[in-house]
1. State yes or no: is residue 635 among the acidic types (Asp, Glu) and either surrounded by 12 or more Cβ atoms within 10 Å (Cβ to Cβ) or at pLDDT 85 or above (or both)?
2. Condition test on residue 228, is it surrounded by 15 or more Cβ atoms within 10 Å (Cβ to Cβ) and either among the aliphatic types (A, V, I, L, M) or within 25 Å of residue 202 (Cα to Cα) (or both)?
3. Can you name every residue in the stretch 320-362 that is loosely packed, with under 14 Cβ neighbours inside 10 Å and either part of a loop (DSSP other than H, G, I, E, B) or touching a Gly at 6+ places or on another chain (Cβ under 7 Å) (or both)?
4. Considering only the stretch 72-89, how many residues are assigned to a strand (DSSP E or B) and in contact with a helix residue (DSSP H, G or I) (Cβ under 9 Å, 6 or more places away or on another chain)?
5. If residue 705 satisfies all but one of (1) of a type in the set (Asp, Glu); (2) crowded, with 19+ Cβ neighbours inside 10 Å; (3) assigned to a loop (DSSP other than H, G, I, E, B), what's the number of the condition it fails?
6. Quick check: anything in the stretch 93-106 at pLDDT 85 or above, within 28 Å of residue 39 (Cα to Cα) and polar (S, T, N, Q)?
7. What are the residue pairs meeting all of these: first residue in the stretch 146-163, first residue on the phi < 0 side of the Ramachandran plot, second residue among the aromatic types (Phe, Trp, Tyr), Cβ atoms under 6 Å, and 6 or more apart or on different chains?
8. State all residues of the stretch 126-142 that are in a helix (DSSP H, G or I) and either over 15 Å from residue 176 (Cα atoms) or touching a Ser or Thr at 6+ places or on another chain (Cβ under 9 Å) (or both); if no residue qualifies, say none.
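The values are calculated or read from the model by the stated rules, or taken from the named source; none is laboratory data. Model, not experiment: these values are computed from the prediction. All Cβ positions, glycine included, derive from the backbone under ideal geometry; neighbour counts span all protein chains shown.
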Amino acid sequence: MSDFLLELRSEEIPARMQAGARAELEKLFRREMDAAGVAVGEVAVWSTPRRLALIARNLPEATKAVSEEAKGPPVGAPDQAVDGFCRKNGVTRDELEVRDLKGRETYFAVKSIPGRATADLLAEAIPAIVRDFSWPKSMRWGAASLSTESLRWVRPLSGIVALLGDDVVECEVHGVASGAVTLGHRFHHSGDITIGNADDYAMKLRAGHVIVDHEERQDLIREHAAQVASEAGLKLVEDEGLVIENAGLTEWPVPLLGRFDEDYLDVPPEVIQLTARVNQKYFVCEDGQGNLANAFVCTANIAAADGGAAIVDGNRKVLAARLSDARFFWELDQKTPLADHARKLERITFHEKLGTVADKVERVAKLAEWLATEGIVPNCDPALARQAARLAKADLVTEMVGEFPELQGLMGGYYAEKQGLPQEVSEAIRDHYKPVGQGDDVPTAPVTVAVSLADKLDTLVGFFAHDMRPSGSKDPFALRRAALGVIAIIVENGLRASIRQTEFEKATGARNPRLVDLDIALENSLNDLIGLTDQAVIEEVTRRERASYEAEIKARVKEINWSLLDFFADRLKVQQREAGVRHDLIDAVFALGGEDDLVRLLARVHALQSFVETDNGTNLLAGYKRAANILKKEEWLGVEGEIAQTGEEDPLAQVDDPDLKAVVDAKMAERHDRELSYTPEPAEKALIDALDAAEPQAAQAIEREDFAAAMSALASLRAPIDAFFDEVTVNDEDGDKRAARLDLLARFRAAVHNVADFSKIEG
């Protein structure tokens, strides 16, 4: 067994490409070895700006000889068929074997393939790996680049080290021959470094001032950057992405602390940090009070003789120039009021089908004001919501956001504050994009909530209205993220949000006044977007055609609205599954149908999850499934099922309909008569008494939204239902007893269904 080392050396590999390159190198190496029949175990892949390296441990010296056979035509088949079989398998007729196959003599081609030296297989694999390597961007070079058939690589390939054990694996790629020689640090080491084998590779490169392990360089930068900051009485602002990037830019990293002029601290700290990070790859520091300090940490690629003083001074000058530009933009943008900036949004297209950013702003302002006016966002001033929405996108045309798009919203908040606008407005402008991802802060200030909701709802409505919806893994307009943002805002702020109406509500128009009419909010946005009263269109048609046109638009609004509500429901399920909630429990609550209050729905799901993980929950579920199976086998609906089947059920228990009441009373009286026709057995009576107690307790708990108490009430049914099945014969020969007992099981099933549809729960 031998270890294999492969180093591909080139000019500087961009830091952002190195992680992908490491994965690609291992993938291609394993592909080639698998195809050659070489077993591969542990593989280590490293990268520096100038090299990719792979070490594979314990490769066999050679592959084993194998025998391959192929079944051919039967003896006596036409010569043409036999000759074709021989050509396909590379054998002659004389080499064919004849075997009895199911009573018929049949030709077989048997070939013995000798084993091959692993070194020879590697010599063929290396050029294939280099040739097939996939880079985000690549180039050709030298005289050979005149041909499109020449090698493409991220940067000119300059060296290959290929060693199996102590021996060179000889091959050539694009005029570069493999060997055992590499180069050390560009400045700290001159001359060649001869590698003996995989074991001394990292050691010899370290002697040449190259730390080949990228993770070791990351650890060094992380530790030493924090150390130099601490030695100056400061705290490094952690930035893992910057750690990885600096490790990809250096082979011998040396973090150094520098200072910049304190006057630049007048610029917002986020601007300074982005200027240092994006343009110069510097870390920033905070003082003991958590304020941004006038200090930065750069990562040099050399250990300078003067301790890095000249390097720090040079970096300070470059950073000063960048900060000077940032301060200029900061001061220039403040000379123009946000309202004047906002007028320039008319020149920016939001989307060709959705108008300009100014059009979007107007829609968002109208919707935000409506959310506040209707009390959907409590304690929100409608005028402030409209003002904040009108100015929320104004910073998109500022110089600062033009330089740093990441600061959109944030800079608008700063400019609003400097302009003396109300704090609620500046905060809403600053935070209205939030949450932008999992783990991001969720707005809670009323004005911010209104603007953020309105902005996300308008985006969803606009793209859904023009059939630009997410498909599979494609979501170019981040609509899934927008929907999750809406859900997060509603849940975090306890907004009583209806994500969809029940079938009963759709039929009757009745609504629960406590709920946020999310579907009505969507409809308002759709009407604004589509133009239900678009006079420019209506004036061109006759009165009769206008009525048809308006009906068509209304139908379209309804269809889009419902598809959006389904989208919200799907996103909610996905979010809860990712949060660790079992999918079957989510389905069990969604299946209730009458539950459309988002906050209440999630509370019910979480209470159900806690309940089913207890012994009471597990055993009650078993009892439920046994009861449900009996009822299904007997095709017994029970009173509740019969009412539901007629379509006359009252899911909200809020409608005083005499006809409906008569139907319910008749069904209940029928059940009562059956119960009185005989004396229940003790276990039967115990279940009846338990239901009499548990049903109102659960109903009252659900009414006050104490779902844990509702589950507790259900738990009281566990022992009675177990005893019922142990002691009572459901399918009694007496028809009245049998019917009454089936009714009792149906009542038990209905009591459980008032909390969740247990038929959806697995187990």
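1. no
2. yes
3. 335, 348, 352, 353
4. Qualifying residue count for the region: 2.
5. Failed condition: (2).
6. No, the conditions are met nowhere in the stretch 93-106.
7. From the stretch 146-163, the pairs are 154/135; 156/141.
8. Step one: of the stretch 126-142, the residues in a helix (DSSP H, G or I) are 126-132.
Residues satisfying the conditions are 126, 132.
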